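The next block holds one structure in the form of structure tokens; read it before the comments.
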Ligand SMILES: Cc1cc2nc3c(=O)[nH]c(=O)nc-3n(C[C@H](O)[C@H](O)[C@H](O)COP(=O)(O)OP(=O)(O)OC[C@H]3O[C@@H](n4cnc5c(N)ncnc54)[C@H](O)[C@@H]3O)c2cc1C
Ligand code: SF4
């Protein structure tokens, strides 16, 4: 092992032209990986996190492309780039939270290559994991990769690395479904069910499962997305919140709040139904604040304290819900 590995490990590159070819190339083999834009996978491989024998490049598969809006909703292919998503006027108009989330990911250069599928299948992150190999080696690695203990919670047996993708909460708040292809055929599941609260294995996907597209329902509620990050121009969310809301006669009739950056999965806030059937006043915002603080589980996986991320998530939810309400209750 070299002290400062920066070169990629050796691998075969397969470039299938269709989904069946990609799944066949993967063959349920844990040592093969799909690669889309490569903006997350390649830095990780350079840091020695994983040594896949085979990379399956998804960029030549036409079926993974395209944003299609129709009376039955929207289909966003997993291969759509974040730049295309962020610049789609139809998406920003109908599914505003999604456009805002896409525009807030990394920097323009990343968004040109990075894809929706790669963002939704992003690895979880932690200050003890997203480091060079020699740094992690000096720490005897950790439970998520090659090591025996978790440095964040040494007494426990699980990894608390945080899911920090921005698109998932926006899509979850808007009621998206994930279309997944495997050797057994296609299936559609609510996107929230694609994630598990486990920093080591946060995707409920088998080795050969390929994310094909995200589907959004028609007639979406008003929505918005916001995140807090260290560097405003280019950074993962320390906490990110999406709100989707309908209001009739100043009364909230639908409210979905989804979060990222605080747990090992993006998740839909439970209990928001209690705020339905009344105006979103100070008491309602206090109740929302409490729900968020209770359900987020930030750990010491970033340079900021867990308590800061807890309070930031609650403050974001409060601010965003209040702003969307003010807009639609006018
Ligand atoms: C400096 C920097 C800043 C960043 N900031 C942000 C940020 O603010 N917010 C954010 O969310 N991300 C951020 N990222 C991470 C990354 O750029 C984005 O999440 C991007 O969308 C990943 O997409 P990709 O196509 O490049 O994924 P890849 O790197 O190609 O793949 C990522 C993972 O997804 C899997 N995968 C890809 N496509 C599929 C598919 N169709 N089906 C199944 N599995 C698949 C791959 O096997 C891999 O495990 C940042 C990265 C960098 C380097
Ligand atoms: S939470 Fe623990 S096991 Fe997971 S990456 Fe961080 S140190 Fe490693």
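Among 157, 176, 138, which is under 23 Å from residue 64 (Cα atoms) and either within 16 Å of ligand 2 (Cβ to nearest atom) or at pLDDT 95 or above (or both)? Give the derivation first.
Values: 157 fails: under 23 Å from residue 64 (Cα atoms); 138 fails: under 23 Å from residue 64 (Cα atoms).
None of the other options fit; the residue is 176.
Of the residues 78, 162, which is surrounded by 20 or more Cβ atoms within 10 Å (Cβ to Cβ), under 27 Å from residue 201 (Cα atoms), in contact (Cβ under 8 Å) with a residue 40 or more places away in the chain and touching a helix residue (DSSP H, G or I) at 6+ places or on another chain (Cβ under 6 Å)?
Answer to the check: 78.
With a requirement of 2 or more residues that are under 30 Å from residue 127 (Cβ atoms), the strands (runs of 3 or more DSSP E) lying completely within the stretch 164-222 that satisfy it span 210-216. Against the conditions (1) surrounded by fewer than 24 Cβ atoms within 10 Å (Cβ to Cβ); (2) more than 10 Å from ligand 2 (Cβ to nearest atom); (3) in contact (Cβ under 8 Å) with a residue 24 or more places away in the chain, residue 128 satisfies every one except (2).
It is to be established whether one or more residues within the stretch 63-73 are in a helix (DSSP H, G or I), near ligand 1 (Cβ under 9 Å from one of its atoms) and out of contact with any helix residue (DSSP H, G or I) (no Cβ under 9 Å at 6 or more places or on another chain).
Going residue by residue through the stretch 63-73, those that are in a helix (DSSP H, G or I) are 63-64.
Of the ones still in play, those that are also near ligand 1 (Cβ under 9 Å from one of its atoms) are 64.
Restricting the remaining residues to those that are out of contact with any helix residue (DSSP H, G or I) (no Cβ under 9 Å at 6 or more places or on another chain) gives none.
No; the residues of the stretch 63-73 include none that is in a helix (DSSP H, G or I), near ligand 1 (Cβ under 9 Å from one of its atoms) and out of contact with any helix residue (DSSP H, G or I) (no Cβ under 9 Å at 6 or more places or on another chain).
Close Cβ contacts (under 6 Å, 6 or more residues apart or on different chains) running from residues in the stretch 91-119 that are within 16 Å of ligand 2 (Cβ to nearest atom) to residues that are modelled with pLDDT under 95 are absent. Residue count for the stretch 37-49 under the criterion of being surrounded by fewer than 16 Cβ atoms within 10 Å (Cβ to Cβ) and more than 9 Å from ligand 1 (Cβ to nearest atom): the result is 1.
Assessment of the stretch 134-148 against the conditions (touching a residue at least 40 places away in the same chain (Cβ under 8 Å), assigned to a loop (DSSP other than H, G, I, E, B) and in the same structural domain as residue 226 (by TED's automatic domain parsing)) yields no matching residue.
The values are calculated or read from the model by the stated rules, or taken from the named source; none is laboratory data. Everything numeric here is computed off the predicted structure, so don't read it as measured data. All Cβ positions, even for glycine, are placed from backbone atoms using ideal geometry, and neighbour counts span all protein chains on display.
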